[in-house]
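Just below is one structure, and these are the notes that go with it.
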Amino acid sequence: MTKIKLYNIITSYNSIIIIIILLAVVYAPTFSQNKIRCAYCKQEVNNKYILVDGKAYHPEHFICMECNKQIIGNFMRKDGNYYHPECYIQVERLICDYCKKALNEEYIVNENKKYHKSCYENYILPKCAVCSMPLKGEYYEDIYQNKYHPYHKNELHQCDCCNRIICQSLTNGGQDYSDGRHICNKCYATAVFDQKQLEKLMVKVSERLSSIGITFNLRNIKIVGVDRNVLRNKAKNYNENTQGYCDSESLNKYIDNKLVNQATYHTIYVLNGMSSIVVESIIAHELMHSWIYENTKNNFPQKINEGSCNYASYMYLKSLNQYSALEQIKLLETDPDTIYGKGFLEIRQRFENKSVYDFLAFLRY
């Protein structure tokens, strides 16, 4: 922004030196005429004048290009034209896209829109779902579209069921289990601890998978709820993300050294205290392990084995057509694990548009 300076031709001796300097700059092109002329009306300037960019103007002729009114005081310059600051704002459309007021200070441009800094930070920037403060710079976003500062991930626990940050604003707090797990209150509302409920859920999952085309003999399958410490001792290839395990055993009956009967028994271990939809997803996964054990040579790479069992969970969850099931599907899809997550995505890509019988035939042969 520039300020107009008003110059006075004549009078005191002290001002003469200043005038001469100005004339040397301004009158070089017209020195032969020995006159100062207004750049607007081209008439001779006899008294006061305004000097802007080396050009003289009668004060009343230094006018705004936008409103055609005299400019007094501060002004803005663009392409050789001059404007009142408020008129320049209109010309440049320097209006905050949030509050619609003039941008007469530092402003921020985001997605081709302009904002006052305060408007941008208070109303445009996404807010942290944990602390409600503006999210400046990088931030995390979970599958539920909750955005939060990176440091919250280190200072707060994540739910071992749904992966949400456990806090009052997101989950209404949570529960700490004795085996070291942390469950948010959203998941705790449907947490499964009862053995009878586990058995009912296994029947529910088995029947729905059977309707899809994957059948099981539940007489040879039992389910047990355990804590993390027991699961750690039971499961092979255990890691802190393990939520279930299928322990399978084949028993042979011989008469006169001849095999007359073979039976396979399975024990499915599921973490206690998980939400019901997570338990159903775990059961579907572990039931698929029992099917693979009984119906295939069971010598797949682990990526195919676990990816196929996750695909069974996916088919089960998809058949429910429930919002909570869709959230679990999203967790399957975004699992970064190279065996469980990537394995599932590869199996789904291969069989999503084929029948379940193609999927089972692939596993069998």
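Every read-out reported here was derived from the displayed coordinates using simple, explicitly stated rules and does not represent laboratory data. Remember, it's a predicted structure, so these values are computed and weren't measured experimentally. Cβ sites come from the backbone with ideal geometry, for glycine too, and all protein chains shown count toward neighbours.
Quick notes
- Note on K113: lysines with a C-alpha under 18 Å away, same-chain residues under 8 apart excluded, are K100, K101, K136.
- Antiparallel %, DSSP beta bridges [both residues in region 191-364], to 5: 70
- When the listed pairs K200/K330; K303/K330; K186/K303 are checked against a 21 Å cut-off, the alpha-carbon distance exceeds it for K200/K330; K186/K303.
- Among Q158, G180, I143 the positive-end extreme of the charge dipole of region 140-188 (Cβ point charges): I143
- Mean residue ellipticity at 222 nm, helices only, the chain: -11000 deg cm²/dmol; runs of at least 4 DSSP H residues each add -39,500 (n - 2.57), and the sum is divided by the number of residues.
- A straight Cα-to-Cα reach below 16 Å connects K342 with the aspartates and glutamates E306, E333, E352, residues fewer than 8 places away in its own chain not being considered.
- Listed by chain and number, the lysines placed with their C-alpha closer than 17 angstrom to that of K35 are K48, K55; residues fewer than eight positions away on the same chain are left out.
- Hz values of 3J(HN,Hα) by residue in region 35-43 - Karplus curve (6.51, -1.76, 1.60), Gly and Pro given as x: 9, 9, 10, 5, 5, 8, 9, 6, 8
- The local environment of K147, defined by Cβ-Cβ distances under 10 Å, has a net charge of -1 under the rule Lys, Arg +1 and Asp, Glu -1.
- Residues S169, S206, sorted so that the one with the fewest Cβ neighbours within 10 Å comes first: S169, S206
- Taking other Cβ atoms within 10 Å as a rough exposure proxy, Y82, Y238, Y107, Y323 sort from fewest to most as Y323, Y238, Y107, Y82.
- Listing V52, V192 from fewest to most neighbouring C-beta atoms within 10 Å gives V52, V192.
- For region 191-364, the fraction of C-alpha pairs farther apart than 26 angstrom is 26 percent.
- Computing Rg and Dmax of the Cα atoms in Å directly from the structure and comparing it against (i) 38.7, 137; (ii) 20.1, 58; (iii) 25.3, 76 singles out (i).
- Inter-part distance, region 329-365 to region 54-77, computed on C-alpha centroids, equals 73 Å.
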